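Scroll down for the structure; my scribbles are underneath it.
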Amino acid sequence: MGGNGSTTRKVSFGLDEDEKVTVIEGVKVDMIYERQQALVQEQLAQLAQRERESATATGLDELNPALIIEKAKAHEEQEKAKILARQLENREKELASISSFYKEQLEILERRNLDNYKQTAEQYNQAATEAEAHIRPRQTASLCTELQAKVLQCYRENPQQTLHCSSLAKQYMACVQQAKALTALLM
């Protein structure tokens, strides 16, 4: 190692715990280490500068920790609100589906009810027709029509003196009683 102003030195080397060669005495191997340290420091400085620029861009460099926590909570609340909104939307869809199902069921029941009503009405009319066929119709012949006409004419002619028509009214009543008695005997 001769050359310009260099001197000879004695150097001792040894191994550290990681089995790397280290200088124990003599020449400073620290120069390489110092260069590496300088490079690492420079990279850390660049990284810190980028983080500051990023924080400035997002506005976080001016915020205190409490404000950062508040922003984080607000963001968390927004996310919860979004989740709840999705859940609400899903529930509304589910309720709409259930509502539609029950409307269909109600329409089906109303149709069945109408069909049952029509069938029942038809059965009622048929039963009424059959009952009328089994029951003998009553003969309602006018009884004592001549006397009835005479009584009515008498009342018209004597509106103020109805007692004049009393003998005709008695004859009419006797005729009706005889006709009832005759009908009762025939049945």
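Of all residues in segment 131-144, none are of a type in the set (Val, Ile, Thr) and assigned to a helix (DSSP H, G or I). Only one of the listed residues (TYR124, TYR117, TYR155) is surrounded by 10 or more Cβ atoms within 10 Å (Cβ to Cβ), more than 60 Å from the chain's Cα centre (by Cα) and not in a loop (DSSP other than H, G, I, E, B). That residue is TYR155. Scanning for something modelled with pLDDT under 75 and exposed (fewer than 10 other Cβ atoms within 10 Å of the Cβ), does segment 29-43 turn up at least one residue? Yes, because at least one residue in segment 29-43 is modelled with pLDDT under 75 and exposed (fewer than 10 other Cβ atoms within 10 Å of the Cβ).
The values are calculated or read from the model by the stated rules, or taken from the named source; none is laboratory data. Just so we're clear, the structure is a prediction, and the values are computed from it rather than from any experiment. All Cβ positions, even for glycine, are placed from backbone atoms using ideal geometry, and neighbour counts span all protein chains on display.
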